[in-house]
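Report on the following structure.
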Amino acid sequence: MSYFEYLAGAVMTFFLLLNAVKADLAADKAVLLALRTAVRGRTLLWNTTESSPCKWVGVQCRNNRISELRLPGMGLTGNLPDNTIGNLTQLVTLSLRFNALSGSLPLDLWSLTNLRNLYLQSNEFSGPIPSFLFSLKNLVRLSLASNNFSGPISSDFSKLNRLGTLYLEKNQLIGEIPNLDFPGLVQFNVSDNLLVGNIPEKLSSMPESAFVGNALCGRPLKSCNGNGTKNKFRFSVGMIAGIIAGSVVVVLAILVVLFLVCRTRRGIKEEVRVYRSSKETEVAKINKEKNAEDEDNLSSTYPGLNEKVGSASGKKLVYFGKTEKGFDLEDLLRASAEVLGKGTFGTAYKAIFDTGMVVAVKRLKEVAVPEKVYREKIEAVGNMNHENLVPLRAYYYSVGENLLVYDYMPMGSLSALLHGNRGAGRTPLNWKTRTAIALGAARGISYIHSQGSTFSHGNIKSSNILLTTSYQACLSDIGLAQLVGPNTSPNRLDGYRAPEVTDARKVSQKGDVYSFGVLLLELLTGKAPTHTFLNEEGVDLPRWVQSIVKEEWTAEVFDVEILKYEHAEEDMVQLLQLAISCSAQYPDKRPPMTEITQKIEELHVSSV
Ligand SMILES: *[C@@H]1O[C@H](CO)[C@@H](O)[C@H](O)[C@H]1NC(C)=O
Ligand SMILES: *[C@@H]1O[C@H](CO)[C@@H](O)[C@H](O)[C@H]1NC(C)=O
């Protein structure tokens, strides 16, 4: 063979190899595109003009194949299509947690033999746990928790002998726990299923909470009462009567145990049912509130207001600031009003005067403090003056009717900007804007806190951060939490409230810091703390973020909208750390607002 022939051969081999590699990655890309058409959700934001799928959000490659696919909390719905993900044969990690995927798992997943981490928790997958899972011998972490998987737990799980984590909690699994044997198992949970019987010896060192919510017994739970009755009676002379009595006891005990078992099982079903229906009403409530907010309710006046205020002759608006008043109570009542939103403390209107002037009017539901306290507090708020507070221009007080007149903020709330119309062509808030908003809010809160140790905002959340046309953040609803009640009792869905705050009216500066931390997390993750998926899991945003950060998936928590377009990950991680320290469980661990503001200032400077 001549040297040239050899060279030509080598070159050809090289190109053939190159082609093979290319074809594989191209096939992987085709899989992602097929997946995208089959399931709906935020994955649609993949920039498919970027030719290599390795740069797409949630995708990681190794040796020119896709090795990781992580699409957590993307709002994916529908069934996973067949012959799709199973083609990604080099996949090591597949994470589809916190979505709304349903149906059974596609059988072709059996070909993912390199898979080490499979996270499917918090979806709506159903059917028995598929047996192909037991052939994925490399699995180390497996979570099927919080789905609708049914049927028994197979003893074939023991075939997965590298398993370190097995999470099966919150499903509909039935039967007994088989005698599973995993040499390296460290995390295990089967709580909140419909399991019965003995806990196998080998699992008895797991914590109690891994088994609760079933009809299980034995270590670490209470010993199985039923077993005690199986003890043999020792015969002895003169014990016939004893045996008879004993038999009666045994029969009675069995009856009692049976009765209890039936009851607990019914109890579990009942709990599930009650939990479900309470969940449904909550969701319905949120939707209703949302609709009320979304509606552009145009009405010519405030319903029922004219009559009440009109009859209270001689009453006047109290004005703040040196600016020209420009309107009086008459004007206010004559103005055309449009509902801006229904909040915790009342309804907000946009009022347009005949002169064309526009203000925002808040009509409070119910004032819970004496008039003197109310006036003092409102006047303190009205006299505050800072560029990051929505100016309070005037107020009207009477028994049963209370109005607050603010400057109108045309851009609406941060909440609407952050969560409204995702994926439907709205301009995403970029990183620079987000840090600017965080900074504005931090400065506003610092200012309020600087007025004295008893001053706090009391209700920091994204719907109370309003924006000017230049995206300057201004706080609204300052101090109202302490004045308005009592139907503002802490709500499970209010993800901003610090854990130590049990009475909404007892606000504090440390409580503000916590809420601000949640707000930062909201800016970073793009997730509303009141989002139902979080609440259904019973986790709040801080705990959700911490669980992910702890498992070193930090990048997964960030909003794809900022991850995608920017290269500011280091700054994002810094802000994330700040947010986590603000939302610390213990008030003493939370930094003061001045320190927080300074840190955000540094971050913001570097983002400009
Ligand atoms: C997966 O591989 C099979 C067999 O090679 C092929 O028929 C199928 O089209 C592939 N699926 C996708 C979505 O590319
Ligand atoms: C198991 O899951 C339940 C939720 O069903 C949770 O409350 C508990 O803390 C978990 N226990 C362990 C040990 O993971």
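The values are calculated or read from the model by the stated rules, or taken from the named source; none is laboratory data. From a predicted model like this one, the values you see are computed outputs, not experimental measurements. Backbone-built Cβ (ideal geometry, glycine too); neighbour counts: all protein chains shown. In case anyone asks, the SASA skips ligands and DNA or RNA and just uses the protein heavy atoms, side chains included. Shrake-Rupley method; radii C 1.70, N 1.55, O 1.52, S 1.80 Å.
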*Got a number for the accessible area of R334? Probe 1.4 Å, square angstrom, nearest 10.*
140
*So how many Å³ per residue does the convex hull of the Cα atoms of region 3-217 work out to?*
125
*HN-Hα J couplings of region 177-194 from phi, Karplus 6.51/-1.76/1.60, θ = phi - 60°, integer Hz, Gly and Pro as x?*
7, x, 6, 6, 9, 10, x, x, 5, 10, 10, 8, 7, 10, 5, 6, 10, 10
*Kindly flag which residue pairs out of K461/K510; K377/K589; K202/K222; K432/K589 have an alpha-carbon separation exceeding 19 Å in this structure.*
K377/K589; K432/K589
*Heavy-atom accessible area ranking, 1.4 Å probe, most first, across D108, D540*: D540, D108
*Rounded to the nearest 0.05, what FRET efficiency is calculated for N385 and K432 with R0 set to 30 Å and r the Cβ-Cβ distance?*
0.65
*Compute, for V573, the solvent-accessible surface of its heavy atoms (probe 1.4 Å) with the complete set of protein chains present, and express it in square angstrom to the nearest 10.*
50
*For E50 and R62 in the same chain, what is the full-extension length gain: residue separation times 0.36 nm, less their Cα-Cα distance, in nm?*
2.6 nm
*Assuming R0 = 51 Å, what is the FRET efficiency of N161 and S470, from their Cβ-Cβ distance, to the nearest 0.05?*
0.25
*If you roll a 1.4 Å probe over region 93-219 with all protein chains in place, what percent of the accessible area is carbon or sulfur?*
49
